[in-house]
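Input: a single structure, listed below in structure tokens.
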Amino acid sequence: MEVRAVGKRLRVPPRKARLVADEVKGKHAIVALAELRYHPSKGARLIREVLRSAVGNAVENHSLEPDSLIVRNILVDEGWRLKRMRARAQGRGNIIVRRTSHVTVVLEDGEPFQMPRSNAKPKPRPKFESPKPSKKKAKKEDAAVSDEAKVEDAVAGEVAANEEEPVAEAEAAAEPAEEAQAPEEPKAEDAPEENKE
């Protein structure tokens, strides 16, 4: 069964409206309405109004389900031309033609629309495996690991030695202080040479 709705004198050029109409031909009416809702052009808004009217006619007048309606055809014909003038230099004027469109939407009854199944499993993510090291590289890596262990042991030994050093340094600093307090007596060898003669 065919249901139609007509929009007359829509303020959009037919050439631009046909671009939008071709996008929704053959689709379910509810899908076409959803697509036209987010289309950026002015023609999409006007064609959507006519399509909503056609769906309303089908539901009210023919008791059809809106889910089962399919857009069979959308005809976009040229409507009135509104002529306007734009002032130009030296008293001249250019004629601006504002074109309008007559849009006819034809719907037919078909199979009910079914949403795509959402329980479909997503594609598995690709696995990126690192290349396996060769035997030579494995030996080098083992040697590097053992070198790192040696360095860690040496660092640990240095830390332990550094903890003992402050005590030893304090003892060493105390010994010269005692020596400074007790003056040394001059030795016979250090005596001046004049006395020996």
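Once every Cα of region 2-125 carries one equal point scatterer and solvent is ignored, give the base-10 log of I(q)/I(0) from the Debye formula at q = 0.13 Å⁻¹, two decimals.
Ignoring solvent entirely, the Cα scatterers give -0.59.
Around G79, which amide H atoms from residues at least 5 apart in sequence, or from another chain, sit under 5 Å from its own amide H, with H modelled in the peptide plane?
T100, S101, H102
Provide the per-residue ³J(HN,Hα) series for region 98-109, in order, calculated from phi with Karplus coefficients 6.51, -1.76, 1.60 and θ = phi - 60°, each as a whole number of Hz, with x at glycine and proline positions.
Going residue by residue, I get 9, 8, 10, 10, 10, 10, 10, 10, 10, 10, 9, 7 Hz, with x marking Gly and Pro.
Between E78 and S53, what is the label-to-label distance in nm when each label sits 7 Å out along the Cα-to-Cβ direction?
2.2 nm
Given the pairs K25/K121; K42/K83; K27/K123; K8/K83, which span a C-alpha to C-alpha distance of over 22 angstrom in this model?
Checking Cα-Cα distances, K25/K121; K27/K123 exceed 22 Å.
If region 24-93 were replaced by its equivalent ellipsoid, with semi-axes equal to the square roots of 5 times the Cα gyration tensor eigenvalues, what would those be, largest first, whole Å?
Values: eigenvalues 277, 37, 19 Å².
Gyration-tensor ellipsoid for region 24-93: 37, 14, 10 Å.
Could you calculate the contour length gain from E111 to H39, that is, 0.36 nm times the residue separation minus the distance between their Cα atoms, to one decimal place in nm? The partial results should precede the final answer.
Details: separation 72, 0.36 × 72 = 25.92 nm, distance 2.58 nm.
Difference between extended and current length: 23.3 nm.
Using the Karplus curve 6.51 cos²θ - 1.76 cosθ + 1.60 with θ = phi - 60°, what ³J(HN,Hα) values do you get for each residue of region 65-81, in whole Hz, with x for Gly and Pro?
7, x, 5, 9, 8, 10, 6, 6, 7, 10, 9, 10, 10, 7, x, 5, 10
In a shell of Cβ-Cβ distance under 11 Å around A32, excluding A32 itself, what net charge do Lys and Arg (+1) and Asp and Glu (-1) give? Mind showing how you got there, number by number?
Details: positive: K25, K27, R37, R48, R52; negative: E23, E35.
Around A32, the charge tally is +3.
According to a simple spin-label model (label point 7 Å from Cα along Cα-to-Cβ), what is the distance in nm between S63 and M1?
0.8 nm
If Lys and Arg each add +1 and Asp and Glu each add -1, what is the summed charge of the other residues whose beta carbon sits under 13 Å from the beta carbon of R45? Numbers along the way, then the final one.
Numbers: positive: R11, K16, R37, K42, R48, R52; negative: E35, E49.
Every neighbour counted, the sum reads +4.
Every number in this text was worked out from the coordinates using simple rules, so none of it is lab data. What you see is a predicted model; the values in this text were computed from it and never measured. Heads up, the Cβs are rebuilt from the backbone with ideal geometry, glycines too, and the neighbour counts pull from every protein chain shown.
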